[in-house]
Structure formats: structure tokens, C-alpha cells
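Structure, as C-alpha cells:
The values are calculated or read from the model by the stated rules, or taken from the named source; none is laboratory data. Not measured: the values here are computed from a predicted model. Note: ideal-geometry Cβ built from the backbone for every residue, glycine included; neighbour counts use all protein chains shown.
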Amino acid sequence: MNEQDLLLSSALMADIDRAAREELGIPGVVLMENAGRGAWEVLRRVLQEEGTTPAERKTSPEGPLVFCAGPGNNGGDALVMARWAFLEEQFPLAVVTSRAGLGAAAEAQWEILRRLGLSRLVWEEEPGAVRELLGGARMIVDGLSGTGLSGALRGSAAGLVEAMNASGAPIASVDLPSGFRDDPDPGDPRVRADLTIVTGYLKRSLFTALGRPGAGRIVQVDPGFPPSLVRAAVGSGGSSPSQVRLRNPRDLTPRPVPADAHKGVRGKVGVVGGAPGTGGAPLLAGLGALYGGAGMVRVCTGAAPGEGWCDPSLMVKADTRENRTGILDWASALVIGPGWTDAGRDDLRDLLGEARQRSLPVVLDAQALRLLEPALVVESPQVSGAEKSGGEASLILTPHPGELAAMLGCTPRDLACNPWEALRKTAEIYAAVVVLKGSVTCVADPDGRISVFDGGCPALATAGTGDVLAGLAGALCAAGTEAAEAARTAVALHLRAGQRLASRAGWFTARDLARSLGEISGGAP
Ligand SMILES: NC(=O)C1=CN([C@@H]2O[C@H](COP(=O)(O)OP(=O)(O)OC[C@H]3O[C@@H](n4cnc5c(N)ncnc54)[C@H](OP(=O)(O)O)[C@@H]3O)[C@@H](O)[C@H]2O)[C@@H](O)CC1
Ligand SMILES: [K+]
């Protein structure tokens, strides 16, 4: 399976599944066998690894693997897994189905198990016995629903999901944690999985703010889809608007700096922000830029002199009209917004306009995103990118979900459920690169591509880390990297620095993060 990093909607995955069967004539039972056997091999490896079960789950080492199957092909996959587990004779196991009547493919798989001598419990008929079984499971395999779910899980399956979550046993979901769908509601019943074994391509619902915490570790198996099908479905060019890809942070590194590069050629970053009480933010952005390789950083701050002072390497000036003009003439990229509040709003809008006129790359962060008002209505068809963007200069927006929601007139909850179209439209309409920050961070290009970065850690969600990111993106732009690549590289380096610090030192501050960034972007091993 090529294109392994593509994130697809469940609906598109179901289309590809159908095309494999109907257009290419690959029997569904073959795909199911490949999916189920591959998923079992993943699960067996996980069971054999030491300490893979999360501490908060109770494990019953001698307990059975409980395979829970729904009526569809997702249930069929789980029953194929049960067969391979049974044939290996290593693990005690039990089978549960949500209801007695199954669809044809799942029924065929159950019939094989029945003839092999296995029995099953039916949730609808014996809920008490099923609860008891689940409570003593070594691991629950969740095959209630996958890409075929329509609407929120209802009826017996919803009840079984609740019982699985309440059991306290670890859960491995097949393809998707049951209940996941393309357009979910936060209140949907859904499995909270420790491991998700994806059959086929990765699904977008796993990488939203709502979905990611409930998917656990994500592993892919290939049921044998011809890659031509997915290429035909999403477009083989790099700019298809429907392309959402998972990126490995290790694949993105800053451009090498020549050994003789002096500070003048490594880029000059100007930071404008700060207000009384939030003086640390622009300085942290400045540090992010310095540790990201900028040769020089100037900060214009509206905070009181000395407030948040953190490093003598930063050239700090008061935020006056004169100093702003000076920074415009001097900088090779600007970061506008860290720690800024509303004071002098028109002035700052002028600064943004002037920077854009001069084709100076700009990173717009925090409250300064409001300079892009009037509020954008995402659906608004009459607003073209050219009218809104005001030129070709590169613009990077770095909102958190609350800030993006305010720009779009939606709620953070909407973005948590399904951010893809909102992100794509925002990038297109502003002709900007949009970095939506979170435990999963997404970078949307104006041409419609979205890069997804997984693996955020709680320590990265600490005050000031976003300022460091904005400064780093500014440094990469100042060094001549194109805006989208600069934003993606900044997110990747920021994530790696955070992961590295968290594994070494646990909690950390934004200032520590900036330093760690220096090690990584400077090429320390
Ligand atoms: N693509 C691939 O790579 C391959 C796909 N494969 C696998 O197939 C999976 C897709 O299978 P699928 O299409 O049969 O649907 P699935 O996810 O089992 O769930 C739907 C079932 O649940 C039911 N149901 C529906 N809505 C409901 C609701 N709101 N509340 C309650 N119940 C609801 C509905 O039954 P109904 O109630 O309509 O009788 C239906 O039977 C996919 O995720 C992957 O695991 C592999 O085998 C091969 C390679
Ligand atoms: K499932």
C-alpha cells in the first residue's frame, strides 16, 4: 500500500473498498482475510511486548482476549482475528456479538468459528454475562463499527460500547474505535481505545482534537488495496484540495547553514507585540527566533521596560511608531502579535499592511489575528483569495482553536470535531499558511494541502510555547525558506524539541523549549 501517510474520510475509504471489490473484482473475503490476519499479527506483537498496557487500565494477564463483533465487515475483521488467535492456541479467547443476526460476511466468519467449536455471547441477550466477561479480559478487541457507520452509534451497539469502556480492560479497536465517524458530535457514544489497528488508509477522524485522545497508539495494516485506487480517488498531483497527509517530524529539517554564514545573512527577525502584563510573550518569540537560527532579533514591545526580561541577546525597544518603522526597514521577516492586546490597533494594522506591501514575510499570532477582521465567514463564496490576501507576500497565521474559531464565527468544538474544510478555506481565502495548534497540529497551505503532525505532549501545552513557535517560523522565513515549508518545519522542530525535553526532564518552560530547539535546529545529535 503506497501513500500510507494519506488521511482519508471514512466515506472515501468506503468508496475505495467498494471499487476494489466491484471494479477490480477483488473478493471482499480476500480483503477481510488480509485485514483480519494483519490486525491479529499486530495485536499478537503488542501482547508480547512488555508494559504496553496503559497504567490506568486494569489488566487480567490470565484473562481471555474478548473479540466483540458488530454485524458489518468491521465485525468480520474481528472474527477473522479471533480465528487466527484460536489457531495459534496461545491465548484463551471469547467471542461476543452485539446482536444475534449478522450481515452476510460477518455471519460467514462466525460460522467458521462455530464449526471450530467456539461459542459466543450475544450482548442483546445476556448483557450481564458480557459485562462480567469484559471485566476480566486481558484485552478487548473492538469490531463493532468502522467506516460503514452511519450517524451516531445507536441501539445495542451503543450499549456494548458503554460496557466496553466501563470494563477498565485495555481495548484494541479494528480500523476505527467504534463510534468514530467523519462528522461526529462530542456526545456520540464511542470506544476509548488504547490501540487502533487501521485496516487500509488512515482515517481523518483519528487525527482531530476530539478523536485523537480516544484512538491510543495507531498502527496500520494493508489489506491489499491497489494504490492506483487511492491515487485516482484523491488525485495524484501534489495540490489536490483533498490531500491531508500525516507528516513525520523527523523528515523536516531546516536548510543547512554554510559554515561561513555570519549573523547578517542568517536573517533578521523583528517581533512586535507585548503589553503591560504580557511582556514575556514577545521575548519568548524572540528567543524562538534566535534558537531557530536567526542571526539577529529585534523586539518592539508595548510592555513596561524590563518586564519579562529573559535574555540579553535580544535587542529590545519600546513599541513606538518610530521603532516600528525602524523594524520594518531592518527585518527580513516579522512576527506580529505575541503578548499584544488591543491597544493601538489601527497602528498595528498599518504595520501589517506596510509589511505586506513590501513583501516581507509575516507570522501573525494571538490577538493580532484579529487584524484580519472583518470576521471571515467560511462559506462566503463572494470573497476571493486575491481580494483578501493583499498581495503575494507570505503570511503565516498561527491560531489556537479558540482564535481560529473566533475568526470563522464557529466554535472550538466545531473545529475539534472536523477541522479540515474550515482550515482549507481559511488558507485559501487569506492566501495564507494556517497553523492550527493543538495536541495534533495541522498546517494548511493556500493550495489546499494539509499536513498533520501527531505526537504533541502535555508539556508542550504550556504558556509561551506558542510564542516560541511563532518566533521559530519567523526565523525560518527570514532565512529564505518559503512560508509553507517554514511553517511545517517550525512545527516539526518544535514538536521534536518538546518530545525530547519531556522525555528527559518532564515538565518544562517555554524558555527551556527554545533552548532545546537550538540543539535540534542547530543539528546537535
Ligand atoms: N476498506 C477496507 O480497507 C476494508 C474494510 N474492511 C472492514 O470493513 C469495515 C466497513 O464495513 P461495513 O461497511 O460493513 O460497515 P461497519 O463499519 O462494519 O459498520 C456498519 C455496521 O454497523 C451497523 N450500523 C450502521 N450505522 C449504525 C448506527 N448508527 N448504529 C448502530 N449500528 C449501525 C450496520 O448494520 P445495520 O444496523 O445497518 O444492519 C452495519 O452492518 C471497515 O471499517 C473495515 O473494518 C475489511 O474487512 C476489508 C478491507
Ligand atoms: K471498530
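A few remarks follow.
- Residue match in segment 301-318 (condition: in a loop (DSSP other than H, G, I, E, B), closer than 21 Å to T489 by Cβ and modelled with pLDDT of 90 or more): no
- Among the residues making up segment 172-226, those that are within 19 Å of A69 (Cα to Cα), in a strand (DSSP E or B) and away from ligand 1 (no atom under 12 Å from the Cβ) are A172, L195.
- The numbered conditions (1) exposed (fewer than 14 other Cβ atoms within 10 Å of the Cβ); (2) part of a helix (DSSP H, G or I) are all true for G25 except (2).
- The residue of segment 161-171 that is surrounded by the most Cβ atoms within 10 Å (Cβ to Cβ), among those that are away from ligand 1 (no atom under 14 Å from the Cβ) and among the aliphatic types (A, V, I, L, M), is M164.
- Looking at G273, G267, G211, just one residue is surrounded by 22 or more Cβ atoms within 10 Å (Cβ to Cβ) and either within 19 Å of the chain's Cα centre (by Cα) or of a type in the set (S, T, N, Q) (or both), and that residue is G211.
- Assessment of segment 90-101 against the conditions (in a helix (DSSP H, G or I), under 18 Å from V174 (Cβ atoms) and in contact (Cβ under 8 Å) with a residue 12 or more places away in the chain) yields no matching residue.
- Of everything in segment 464-508 that is in contact with a Phe, Trp or Tyr (Cβ under 6 Å, 6 or more places away or on another chain) and within 18 Å of C442 (Cα to Cα), the residue that is surrounded by the most Cβ atoms within 10 Å (Cβ to Cβ) is V491.
- Segment 138-160 - residue that is free of Cβ contacts under 8 Å to residues at least 40 places away in the same chain and within 14 Å of ligand 2 (Cβ to nearest atom) and, of those, surrounded by the fewest Cβ atoms within 10 Å (Cβ to Cβ): A158
- Note on segment 1-19: among residues that are assigned to a loop (DSSP other than H, G, I, E, B) and charged (D, E, K, R), the one that is farthest from C442 (Cα to Cα) is E3.
- Test: residue in segment 420-443 that is more than 21 Å from the chain's Cα centre (by Cα), in the same structural domain as S394 (by TED's automatic domain parsing) and either within 16 Å of D251 (Cβ to Cβ) or of a type in the set (S, T, Y) (or both): yes
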